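Take a look at the structure set out below.
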Amino acid sequence: MQKKIIAIAVITIFVIALLYFYRTPTISRYNFEQNKLYSPAYGKVETILHNKEKNLIRISIFLDINDIHSQYYPSNGMLLSRQTIPGKYEIATQNSNTVNNARTITKIVTPYQDIVTIEQVSGLIARKISDGGQKVGATVSVGEYLGRIHLGSRVNIIFSDDWEPTVAVGDIVRGPDSEIAKLRVN
(Lines give C-alpha, C1' and ligand atoms only; values in the text may rest on other atoms or scores of the structure.)
Protein backbone atom coordinates (compact mmCIF):
# COMPACT_ATOMS: atom_id res chain seq x y z
CA MET A 1 0.00 0.00 0.00
CA GLN A 2 2.81 2.40 0.94
CA LYS A 3 4.67 1.75 -2.36
CA LYS A 4 1.46 2.52 -4.26
CA ILE A 5 1.08 5.87 -2.48
CA ILE A 6 4.72 6.76 -3.18
CA ALA A 7 4.32 5.83 -6.86
CA ILE A 8 1.18 7.97 -7.17
CA ALA A 9 2.94 10.87 -5.44
CA VAL A 10 5.95 10.64 -7.78
CA ILE A 11 3.73 10.49 -10.87
CA THR A 12 1.67 13.45 -9.62
CA ILE A 13 4.78 15.55 -9.00
CA PHE A 14 6.11 14.64 -12.48
CA VAL A 15 2.82 15.63 -14.16
CA ILE A 16 2.68 18.93 -12.25
CA ALA A 17 6.29 19.67 -13.23
CA LEU A 18 5.52 19.00 -16.92
CA LEU A 19 2.41 21.21 -16.80
CA TYR A 20 4.49 23.98 -15.24
CA PHE A 21 7.25 23.57 -17.80
CA TYR A 22 4.90 23.61 -20.80
CA ARG A 23 2.75 26.48 -19.52
CA THR A 24 1.57 29.10 -22.01
CA PRO A 25 2.45 32.68 -21.14
CA THR A 26 0.05 35.56 -21.05
CA ILE A 27 1.56 38.27 -23.22
CA SER A 28 0.41 41.56 -21.74
CA ARG A 29 1.80 43.90 -24.41
CA TYR A 30 -0.77 44.77 -27.06
CA ASN A 31 0.96 47.68 -28.74
CA PHE A 32 4.12 46.74 -30.62
CA GLU A 33 6.13 49.50 -32.30
CA GLN A 34 7.53 48.86 -35.79
CA ASN A 35 10.88 50.50 -34.97
CA LYS A 36 11.63 48.07 -32.11
CA LEU A 37 12.64 44.44 -31.81
CA TYR A 38 11.10 42.40 -29.00
CA SER A 39 12.57 39.43 -27.20
CA PRO A 40 11.94 36.11 -28.92
CA ALA A 41 12.35 34.25 -25.60
CA TYR A 42 11.95 34.31 -21.84
CA GLY A 43 15.22 34.15 -19.92
CA LYS A 44 18.41 35.96 -19.00
CA VAL A 45 20.54 37.99 -21.41
CA GLU A 46 23.96 36.35 -21.19
CA THR A 47 25.92 38.02 -23.95
CA ILE A 48 25.67 40.89 -26.39
CA LEU A 49 28.27 40.61 -29.13
CA HIS A 50 29.04 43.22 -31.80
CA ASN A 51 30.63 41.87 -34.98
CA LYS A 52 31.95 45.09 -36.52
CA GLU A 53 33.26 43.33 -39.65
CA LYS A 54 29.80 42.01 -40.54
CA ASN A 55 27.86 44.91 -38.96
CA LEU A 56 25.87 42.45 -36.83
CA ILE A 57 24.78 42.27 -33.20
CA ARG A 58 23.98 39.00 -31.42
CA ILE A 59 22.06 38.81 -28.18
CA SER A 60 22.13 35.43 -26.44
CA ILE A 61 19.35 34.52 -24.00
CA PHE A 62 19.71 31.55 -21.64
CA LEU A 63 16.52 29.73 -20.63
CA ASP A 64 16.73 28.01 -17.28
CA ILE A 65 14.31 25.36 -16.05
CA ASN A 66 11.91 27.98 -14.62
CA ASP A 67 11.59 29.99 -17.85
CA ILE A 68 8.81 29.61 -20.40
CA HIS A 69 10.29 27.68 -23.32
CA SER A 70 8.08 29.03 -26.13
CA GLN A 71 9.63 31.46 -28.60
CA TYR A 72 8.03 34.33 -30.51
CA TYR A 73 8.71 36.46 -33.58
CA PRO A 74 10.57 39.64 -32.53
CA SER A 75 9.20 41.80 -35.38
CA ASN A 76 6.58 41.90 -38.07
CA GLY A 77 7.87 40.65 -41.38
CA MET A 78 8.07 37.81 -43.85
CA LEU A 79 9.41 34.36 -42.99
CA LEU A 80 12.47 34.12 -45.23
CA SER A 81 13.80 30.70 -44.19
CA ARG A 82 13.84 28.03 -41.51
CA GLN A 83 16.63 25.50 -41.29
CA THR A 84 17.17 22.65 -38.84
CA ILE A 85 20.82 21.81 -38.23
CA PRO A 86 21.65 18.51 -36.51
CA GLY A 87 24.40 18.54 -33.93
CA LYS A 88 25.50 17.76 -30.42
CA TYR A 89 23.60 18.20 -27.17
CA GLU A 90 26.21 19.94 -25.02
CA ILE A 91 25.32 21.74 -21.82
CA ALA A 92 24.07 25.23 -22.71
CA THR A 93 24.94 27.16 -19.56
CA GLN A 94 28.06 28.42 -21.30
CA ASN A 95 27.42 30.06 -24.67
CA SER A 96 30.70 28.77 -26.11
CA ASN A 97 29.56 25.17 -25.54
CA THR A 98 26.61 25.51 -27.92
CA VAL A 99 28.50 26.25 -31.15
CA ASN A 100 28.07 22.66 -32.37
CA ASN A 101 24.67 21.97 -30.79
CA ALA A 102 21.56 21.03 -32.75
CA ARG A 103 19.59 24.14 -33.65
CA THR A 104 16.86 25.65 -35.74
CA ILE A 105 17.66 28.90 -37.53
CA THR A 106 14.74 31.09 -38.57
CA LYS A 107 15.20 34.25 -40.65
CA ILE A 108 12.65 36.99 -41.20
CA VAL A 109 12.73 40.17 -43.27
CA THR A 110 11.41 43.15 -41.30
CA PRO A 111 9.38 46.03 -42.78
CA TYR A 112 12.74 47.91 -42.89
CA GLN A 113 14.15 45.18 -45.18
CA ASP A 114 16.57 44.05 -42.46
CA ILE A 115 17.11 40.34 -41.90
CA VAL A 116 16.65 39.19 -38.30
CA THR A 117 17.85 35.69 -37.39
CA ILE A 118 16.52 33.68 -34.44
CA GLU A 119 18.51 30.61 -33.39
CA GLN A 120 16.80 28.08 -31.13
CA VAL A 121 19.67 26.05 -29.66
CA SER A 122 19.29 22.69 -27.94
CA GLY A 123 21.09 21.77 -24.75
CA LEU A 124 22.09 18.74 -22.73
CA ILE A 125 18.52 17.63 -22.02
CA ALA A 126 16.71 19.33 -24.91
CA ARG A 127 16.31 16.98 -27.86
CA LYS A 128 13.49 18.55 -29.83
CA ILE A 129 12.77 21.94 -31.35
CA SER A 130 9.32 22.47 -32.82
CA ASP A 131 8.05 25.31 -34.99
CA GLY A 132 4.81 27.27 -35.12
CA GLY A 133 3.78 25.84 -38.48
CA GLN A 134 4.30 28.96 -40.61
CA LYS A 135 5.52 28.33 -44.14
CA VAL A 136 8.43 30.16 -45.80
CA GLY A 137 7.03 33.29 -47.44
CA ALA A 138 4.30 33.72 -44.82
CA THR A 139 3.70 37.07 -43.17
CA VAL A 140 4.48 36.89 -39.44
CA SER A 141 3.62 39.27 -36.64
CA VAL A 142 5.60 40.36 -33.62
CA GLY A 143 4.59 38.23 -30.64
CA GLU A 144 3.31 35.39 -32.85
CA TYR A 145 4.34 31.89 -31.77
CA LEU A 146 7.61 30.87 -33.47
CA GLY A 147 8.17 27.52 -31.77
CA ARG A 148 9.50 25.79 -28.69
CA ILE A 149 12.71 24.20 -27.47
CA HIS A 150 11.46 21.22 -25.50
CA LEU A 151 13.37 21.22 -22.22
CA GLY A 152 15.24 24.06 -23.89
CA SER A 153 18.32 26.02 -23.38
CA ARG A 154 19.35 29.03 -25.45
CA VAL A 155 17.96 31.49 -28.00
CA ASN A 156 20.16 33.85 -30.01
CA ILE A 157 18.84 36.79 -31.97
CA ILE A 158 21.08 38.31 -34.62
CA PHE A 159 20.37 41.60 -36.35
CA SER A 160 22.16 44.41 -38.18
CA ASP A 161 23.81 47.23 -36.29
CA ASP A 162 21.13 49.53 -37.73
CA TRP A 163 19.43 48.47 -34.49
CA GLU A 164 20.65 49.50 -31.03
CA PRO A 165 20.29 47.04 -28.12
CA THR A 166 18.09 48.29 -25.28
CA VAL A 167 19.01 45.46 -22.90
CA ALA A 168 22.19 44.73 -20.99
CA VAL A 169 23.95 41.53 -19.95
CA GLY A 170 22.17 40.15 -16.88
CA ASP A 171 18.74 41.56 -17.79
CA ILE A 172 15.76 39.24 -17.53
CA VAL A 173 13.57 39.33 -20.65
CA ARG A 174 9.91 38.31 -20.69
CA GLY A 175 9.37 37.31 -24.32
CA PRO A 176 7.41 39.78 -26.45
CA ASP A 177 6.70 41.90 -23.37
CA SER A 178 10.39 42.95 -23.41
CA GLU A 179 11.91 45.32 -25.95
CA ILE A 180 15.48 44.32 -26.82
CA ALA A 181 16.50 46.78 -29.56
CA LYS A 182 15.35 49.93 -31.32
CA LEU A 183 16.08 51.24 -34.78
CA ARG A 184 18.90 53.78 -34.77
CA VAL A 185 17.94 57.24 -35.89
CA ASN A 186 20.31 58.48 -38.62
Answer residue from segment 82-120, given it is among the acidic types (Asp, Glu) and at pLDDT 85 or above and is nearest to Gln134 (Cα to Cα) among those: Glu119
Matching residues, segment 68-81, being modelled with pLDDT under 95 and among the small types (Gly, Ala, Ser): Ser70
Go through (1) in a strand (DSSP E or B); (2) of a type in the set (A, V, I, L, M, F, W, C); (3) in contact with an Asp or Glu (Cβ under 8 Å, 6 or more places away or on another chain) for Leu80 and report which single condition fails. (3)
State whether one or more residues within segment 141-161 are touching a helix residue (DSSP H, G or I) at 6+ places or on another chain (Cβ under 7 Å) and β-branched (Val, Ile, Thr). yes
How many residues does segment 16-51 contain that are at pLDDT 85 or above and in a helix (DSSP H, G or I)? 0
Consider Asn55 against the criteria (1) in contact with a Ser or Thr (Cβ under 7 Å, 6 or more places away or on another chain); (2) without any contact (Cβ under 8 Å) to a residue 24 or more places away in the chain: it satisfies all of them except one. Which criterion is unmet? (2)
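To keep it simple, each residue is scored yes or no on (1) touching a Leu at 6+ places or on another chain (Cβ under 6 Å); (2) crowded, with 22+ Cβ neighbours inside 10 Å; (3) among the acidic types (Asp, Glu); (4) within 26 Å of Tyr22 (Cα to Cα).
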site	(1), (2), (3), (4)
Gly133	no, no, no, yes
Ile157	no, yes, no, yes
Asp161	no, no, yes, no
Thr166	no, no, no, no
Gly175	no, yes, no, yes
Conditions (1) touching a Ser or Thr at 6+ places or on another chain (Cβ under 8 Å); (2) without any contact (Cβ under 8 Å) to a residue 60 or more places away in the chain: number failed by Gly132: (1)
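The values are calculated or read from the model by the stated rules, or taken from the named source; none is laboratory data. Owing to the predicted nature of the structure, the values given are computational and were not obtained by experimental measurement. Positions of Cβ are backbone-derived with ideal geometry, glycine not excepted, and every protein chain shown enters the neighbour counts.
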